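The values are calculated or read from the model by the stated rules, or taken from the named source; none is laboratory data. Nothing here was measured: the structure is a model prediction, and the numbers come from that model. A quick note on method: Cβ atoms are made from the backbone with ideal geometry, for glycine too, and the neighbour counts reach across all protein chains shown. Note: accessible area is taken over every heavy atom of the protein model, side chains too, but ligands, DNA and RNA are not part of it. Shrake-Rupley method; radii C 1.70, N 1.55, O 1.52, S 1.80 Å.
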Amino acid sequence: QVQLVESGGGLVQAGGSLRLSCAASGSGRGINVMGWYRQAPGNQRELVARISSDSTTNYADSVKGRFTISRDNAKNTVYLQMNSLKPEDTAVYYCHVVWGPRVYWGQGTQVTVSS
């Protein structure tokens, strides 16, 4: 059984910063991809950033240069440093982990950016 525990969401003013964390626990084959998606009201869930086991990263165009994804393989934890936040970054952010052949999602953490 794999569990994902997210933390770090909250309310911040535009231009501010937040750091999200997601710790994965479980057993079995190693983690491949770890990442973050987000979903704003009325919108589809979209990829924010992801990082593979060899540290290759991908970012949505809307966050490039502002967000940085990283991971600590020893702790099975992925981080999302979010800087220069904008009101349009407001959404529920979901941790996403590919562990062996399966995909797991976190429960979501709310990020609200006020103007």
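Take 84, 114 and sort them by solvent-accessible surface of the protein heavy atoms, 1.4 Å probe, largest at the top.
Largest accessible area first, the list is 84, 114.
When the Karplus curve 6.51 cos²θ - 1.76 cosθ + 1.60 is applied with θ = phi - 60°, which whole-Hz ³J(HN,Hα) does each residue of the range 63-79 get, with x for Gly and Pro?
Listing the rounded values in order: 10, 4, x, 10, 10, 9, 9, 8, 9, 10, 5, 5, 9, 6, 10, 10, 10 Hz.
If you roll a 1.4 Å probe over the range 35-115 with all protein chains in place, what percent of the accessible area is carbon or sulfur?
44 percent
Compute the distance in nm between two label points, each set 7 Å from the Cα along the Cα-to-Cβ direction, one at residue 74 and one at residue 62.
3.6 nm
Which one, 104, 79, 37, has the greatest fluctuation when you compute a Gaussian network model over the chain with C-alpha springs under 10 angstrom?
104
On the full set of protein chains, 1.4 Å probe, figure out the accessible area of residue 75 and give it in Å² to the nearest 10.
130 Å²
Which three extents, in angstrom, do the Cα atoms of the chain have along their principal axes, listed largest first?
Extents along the principal axes: 44, 24, 23 Å.
Send over a whole-number figure in Å² for the accessible area per residue of the chain, probe 1.4 Å.
Value for the chain: 53 Å² per residue.
GNM, the chain, Cα, under 10 Å: largest mean-square fluctuation among 40, 74, 91?
Result for the chain, Cα springs under 10 Å: 74 fluctuates most.
Have a look at 100, 65, 42 and tell me which one the Gaussian network model of the chain (Cα, springs below 10 Å) gives the largest fluctuation.
42
Using label points projected 7 Å from each Cα along Cα→Cβ, tell me how many nm separate residue 81 and residue 47, to one decimal.
In this crude label model, residue 81 to residue 47 measures out at 2.3 nm.
Mean shadow of the range 1-51, computed from the convex hull of its alpha carbons, in nm²?
4.9 nm²
Once the whole set of protein chains is in place, how much accessible area is left on residue 19, using a 1.4 Å probe, in Å² to the nearest 10?
Rounded to the nearest 10, that gives 130 Å².
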